[in-house]
Structures are given as structure tokens and as C-alpha cells.
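The values are calculated or read from the model by the stated rules, or taken from the named source; none is laboratory data. On a predicted model such as this, the values are computed, not experimentally measured, just so you know. Note that we place each Cβ from the backbone using ideal geometry, even for glycine, and neighbour counts take in every protein chain shown. With ligands, DNA and RNA removed, areas are computed over all heavy atoms of the protein, side chains included. Shrake-Rupley method; radii C 1.70, N 1.55, O 1.52, S 1.80 Å.
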Amino acid sequence: MIITVTPNPALDSTITLDRLTPGATHRVAPAELRAGGKGVNVARVLCEQNEDAVAIAPVSATEAAFSADLHDVPHSLVGTPWPLRRSTAIVETASGVTTILNESGNPQPLTVWTELHDVVTSRLPRARCLVVSGSCPPETPESLTAELIAEARNAGVATIADATGAQLIGAARAGAQLLKPNRDELRDTTGETDPVAGARALQSLGAGTIVVSLGEEGMLAVPRGDAPLRHARLDRVLRGNPTGAGDAAVASLAAHVAAGEFDVDTLLRRAVAWSAAAVLMPLAGSIHHSHSDLARDVTISTLETS
């Protein structure tokens, strides 16, 4: 089983229109609503690909639409007094540009984090991988991700974190086996503009392999030690909705790691393919059936450094 933890779940709203004109009024079709948040998207993709996964997140019992939308995804929802935040994606079909508006979420009582911790640890004996993914609401304990990663490592469970700021630093210090920030998150967390330097900074704290999302430029893998840096990218740029692309990549990485597969090229090839396949889907949390074909079109090379 793969456990995904979403500290800051959301109700995802996707609005599709021909072209967005700032300052204008637009008449659009009803928004597509979906239970979301990075870890939820990861679990949804995994279940879609017949992997055993469970999503854990703090969600109010009044959010019936959220739990109903997860009818095909095993989940444990920790009660909270706050309503869900909204994440709104505005997809322009004419240009292929997507604009995303993410609410920050409300601070959670400490009791919520204690219960979430207990729910996660209760499932670790049956788990093969733990994924902690996404932002945290304001005032979240900076130790949250680190504590979950440490619990998993003590239980012999593989660990992945897709985070930023203090949570990413905490995951590195807790010895996460794999971290997957994007280029901006890595820069904002470490202060390093060079992704390799940023990855090495996290490894100096105790992290394992760092996989950096580079958007249309693909992904960079920085293994620990003297192993070569590897860069992977699709041979063409796909247009669509990139909202869940990073989450699909994390799902792919989790599936491999849970199966005991740590070969960097294998990890990169399918992560890039699943990420690209997510862009072809209208909503986050799904990947296009062509992902196997896309994997064959991924080019992997060694990144030379000075």
C-alpha cells in the first residue's frame, strides 16, 4: 500500500473557456469540481493505474461532496472545523495557457495534526511507501513532514516528499529517500538559483535522491554521491492543463519506489511520461492512456557540470 498525505486539501474548480480577457465579464460552462490537493491527486492517479493507495487528509465532515468524489479512492479523512479551501484553474483553449488561483487554507487546531499523525502511523505496518505532498496551511507545525517521514523510516517504509520551505527542509533532515520539488520551490527553499546546487543543499541535510521538475524542460535527477546527474524530457511540448502534472510524476515515482525500483533512468522515464500524460487530461488526478507511448519518446542524458 502507498499512503499519501495531503496537509492542505482543496476542492478543485476547473473553468474552461476560449480566451480569458482581464477585466471583462465571461459567460462560461459550469466549473468542473473535484476533490483535490496534491496528495489526493497522487492517490487518484495511483488507483487509476491499479496501484494500492490510500489518501489521508484533514477534511470537515460537512464536506460531503469531497468524500463522495473519492468513491473510487480509498481514504481516511481527519475531521477539522474549517471548510475546504478552493483551487481554481482557468484553462484557455485558444492558447493552451492555464491560470491557477490557490487559496492558502485556514490554520488547523493542533488536535487535527495529532490525529492525522496517529492515522498515518496506524497504517504504516501495511505500507510500502509514504508520500507527503503539497502545501500546508498557515501555522502548521514546521515539524509535521519531518515527523511523518521519521515514523515511516523507523517502520522501514520508503519515503517521498513534494513540499516547499520549512516542510521540505524538515523532510531532508528526516532523511527522505526522494524529494520532488519543482525548480521554483527548490530556489525559494534553498536560495540557490542553480537546481543542482539547491539539490546538493538538501542532500547535505540528509536527503536522498532529488528529482526536480523543470516544466516543459523535463526533469532533473540528482542522486547522492558521485552518481551522474540525469536529465529527462519529452521530445515535444504538449498543450493542455498542467495542473496535475507534478502530482502524476510523484505518483509514478511512488509506484516505482514502493516496488523497490530505484534505478534513476527508470524513475525519470515514467515520471516524465506520466506528467506529460496528465497535461492531456481536463482535470488533475488522471493521466492519458498514451503514457506508455509517451515513455518511449522520453530522452534521457547525462547533465555535465563544471
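Close amide-amide hydrogen proximity is noted between N182 and S213, each under 5 Å apart and 5 or more residues distant or on a separate chain (H modeled in the peptide plane; Pro and chain starts excluded).
Karplus-based coupling profile of the range 239-253, in residue order and whole Hz: 9, x, 9, x, 3, x, 5, x, 5, 5, 4, 5, 4, 4, 4, with θ = phi - 60° in 6.51 cos²θ - 1.76 cosθ + 1.60 and x standing for Gly or Pro. Fully extending the segment from D72 to Q49 would add 7.1 nm, taking 0.36 nm per residue of separation and subtracting the current Cα-Cα distance. Across all Cα atoms of the range 95-216, the radius of gyration (one decimal) and Dmax (whole number) stand at 15.0, 48 Å. Here the accessible area is traced with a 1.4 Å probe on the protein chains. For the range 207-299, carbon and sulfur cover 51 percent of it. Annotation for the range 82-147 versus the range 244-306: alpha-carbon center distance of 22 Å. Over the chain, dividing the summed -39,500 (n - 2.57) contributions of all DSSP H runs of at least 4 residues by the number of residues returns a 222 nm mean residue ellipticity of -10500 deg cm²/dmol. For V78, the amide hydrogen comes within under 5 Å of the amide hydrogens of A57, V59, counting only partners 5 or more places away or on other chains and with H modelled in the peptide plane. Around the amide H of V97, modelled in the peptide plane, lie the amide H atoms of E92, all under 5 Å away and 5 or more residues distant in sequence or on another chain. Residues in the chain average 43 Å² of solvent-accessible surface per residue, probe 1.4 Å, ligands and nucleic acids excluded.
Its residue count N sets the reference 2.2 N^0.38 Å, and the alpha-carbon radius of gyration of the chain equals 0.95 times that reference. Looking at the range 129-227, the DSSP beta bridges with both ends there are about 30 percent antiparallel.
Would you mind classifying the range 251-302 by shape? Square roots of the alpha carbon gyration tensor eigenvalues, ordered a ≥ b ≥ c; an a/c under 1.5 is rounded, otherwise it is prolate if a/b is larger than b/c and oblate if not. Oblate, because a/c is 1.5 or more while a/b does not exceed b/c.
Taking the average, over residues, of other Cβ atoms within 10 Å as the packing measure, peptides 19-26, 187-194 rank 187-194, 19-26 from highest down.
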